[in-house]
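Colleague: What follows is a single structure, and I will ask about it in a moment.
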Amino acid sequence: MRIDLHTHSSVSDGTDSPAELVVAAAAAGLDVVALSDHDTFDGLDEAVAAGPRVGVRVLRALEMSAQHQWDSVHVLGYGCRADDPALAAELARVREGRNGRVPAMLANLARYGMPVPPEVLERQVGASPSVGRPHIADAMIELGYVADRTEAFDTWLADDRPIFVGRYAAPLRRALELIQGAGGVAIIAHPWGRGRREQLPPSLLESLADAGRLDGIEVDHQDHDAAIRTDLRTLADRLGLLATGSSDYHGLGKTDHGLGCNTTGEEVLAQIEARVAERGGRLTGTGAASV
Ligand code: AMP
Ligand code: ZN
Ligand code: FE
Ligand code: FE
């Protein structure tokens, strides 16, 4: 069984619509795919509905923007009830923060001689309820300022580059608590990717695991080299954390990590299912009713 637990559609910063993503998952030979858009559940009903048509089981997920001591941390939530009031309120706050910083980033771009007309950015944002840096990167590509997203981030948009403006994200412990409180399973995405090893040291992961706040960590991810994967797998074993592997697929936006390039074991998915059931969450189905 091939299981990919981390993907993005055009409802956040991917390029496939939720239904297209599920069709692509079938074509990539996946049996199970989780849609985990940034800070929104908006694409889930469409993705789940597309599953039976192509024989793919679609799981309900999200990737929540969190922070620990000013450093960005992404948390995957599996099986959260989308109507949980506390989680929904925090996600709305995060989305407002994403959109609220856009004018400042556009002003920075103009200052560096790269004006981005609003209609160009709007076209890139499309159906997404909130703007991400990848949308700004795509607008810069369209306008010929950079060749691709990698150049846009490395030169201009990354956290330590001149165009970057910070935004609100949920404090890490709060994000974990909200996800679990909504019936979900909380897994830190790419914990040691992009040089983040010092920001989430084993001692912190251990205290979160001991407090029962953290269910698992993403181990197999394209931002982790072989040595990091080995260290994270050892750590997950020691702390009793679930270890997942996923593509973090974004469609055409990032072509170096196709659907199913990393996968998660069946026994790990079984654990996730059991915990969601125990917590009264909702991993599958559409509309108001649980399936
Ligand atoms: P934002 O949500 O606006 O903070 O942007 C975060 C998104 O940008 C995530 O989807 C990341 O995958 C992507 N991203 C962050 N840093 C980089 C980078 N250095 N290169 C390419 N994509 C990046
Ligand atoms: Zn993304
Ligand atoms: Fe992420
Ligand atoms: Fe992601």
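Colleague: Across segment 173-191, what is the number of residues that are more than 17 Å from residue 240 (Cβ to Cβ), of a type outside the set (Lys, Arg) and touching a Lys or Arg at 6+ places or on another chain (Cβ under 9 Å)?
Modeller: Keep residues of segment 173-191 that are more than 17 Å from residue 240 (Cβ to Cβ), which gives 173-175, 177-179, 181-184, 189-190.
Within this subset, residues satisfying the condition of being of a type outside the set (Lys, Arg) are 175, 177-179, 181-184, 189-190.
Those left that are additionally touching a Lys or Arg at 6+ places or on another chain (Cβ under 9 Å): 177, 181-184, 190.
Residues that pass the stated criteria total 6.
Colleague: Select from segment 25-50 the residues that are buried (at least 18 other Cβ atoms within 10 Å of the Cβ) and among the charged types (D, E, K, R) and list them in ascending order.
Modeller: Across segment 25-50, the qualifying residues are 37, 39, 42, 46.
Colleague: Taking segment 157-207 as the search range and keeping residues that are part of a helix (DSSP H, G or I) and of a type in the set (S, T, N, Q), which one is nearest to residue 4 (Cα to Cα)?
Modeller: As a first pass, look at segment 157-207 and keep what is part of a helix (DSSP H, G or I): 157, 172-181, 193-198, 202-207.
In the following step, the residues that additionally are of a type in the set (S, T, N, Q) were identified as 180, 203, 207.
On the way: 180: 21, 203: 28, 207: 28 Å.
Across segment 157-207, the extreme among qualifying residues is 180.
Colleague: Which of the residues belonging to segment 217-245 are within 17 Å of residue 201 (Cβ to Cβ), buried (at least 17 other Cβ atoms within 10 Å of the Cβ) and of a type in the set (Gly, Ala, Ser)?
Modeller: 236
Colleague: Restricting attention to segment 208-238, and to residues there that are of a type in the set (Val, Ile, Thr) and assigned to a strand (DSSP E or B), which single residue is farthest from residue 256 (Cα to Cα)?
Modeller: Initial filter on segment 208-238 (of a type in the set (Val, Ile, Thr)): 217, 219, 228, 230, 234.
Next, only the ones that are assigned to a strand (DSSP E or B) stay: 217, 219.
Values: 217: 22, 219: 18 Å.
Among them, the one singled out is 217.
Colleague: Something else: Just to be sure, is residue 39 in contact (Cβ under 8 Å) with a residue 40 or more places away in the chain, at positive phi and within 16 Å of ligand 3 (Cβ to nearest atom)?
Modeller: Details: in contact (Cβ under 8 Å) with a residue 40 or more places away in the chain: yes; at positive phi: yes; within 16 Å of ligand 3 (Cβ to nearest atom): yes.
Considered against the rule, which asks whether it is in contact (Cβ under 8 Å) with a residue 40 or more places away in the chain, at positive phi and within 16 Å of ligand 3 (Cβ to nearest atom), residue 39 comes out as yes.
Colleague: Within segment 253-267, how many residues turn out to be more than 16 Å from the chain's Cα centre (by Cα) and over 13 Å from residue 2 (Cβ atoms)?
Modeller: 3
Colleague: Within the group 227, 182, which residue is more than 17 Å from residue 75 (Cα to Cα), modelled with pLDDT of 95 or more and over 16 Å from the mean Cα position of the chain (by Cα)? Walk me through how you get there before you give the answer.
Modeller: On the way: 182 fails: more than 17 Å from residue 75 (Cα to Cα).
After ruling out the rest, the residue left standing is 227.
Colleague: If you take the residues in segment 130-187 that are small (Gly, Ala, Ser) and under 14 Å from residue 63 (Cβ atoms), which one is surrounded by the most Cβ atoms within 10 Å (Cβ to Cβ)? Walk me through how you get there before you give the answer.
Modeller: Going residue by residue through segment 130-187, those that are small (Gly, Ala, Ser) are 130, 132, 137, 139, 144, 147, 152, 158, 166, 169-170, 175, 181-184, 186.
Among the residues that remain, those that are also under 14 Å from residue 63 (Cβ atoms) are: 130, 132, 169-170, 175, 184, 186.
Working: 130: 26, 132: 22, 169: 24, 170: 24, 175: 27, 184: 31, 186: 26.
That would be 184.
The values are calculated or read from the model by the stated rules, or taken from the named source; none is laboratory data. What you see is a predicted model, and the numbers here were worked out from it, not measured in a lab. Ideal geometry is used to build each Cβ from the backbone, glycine not excepted, and the neighbour counts take in all protein chains shown.
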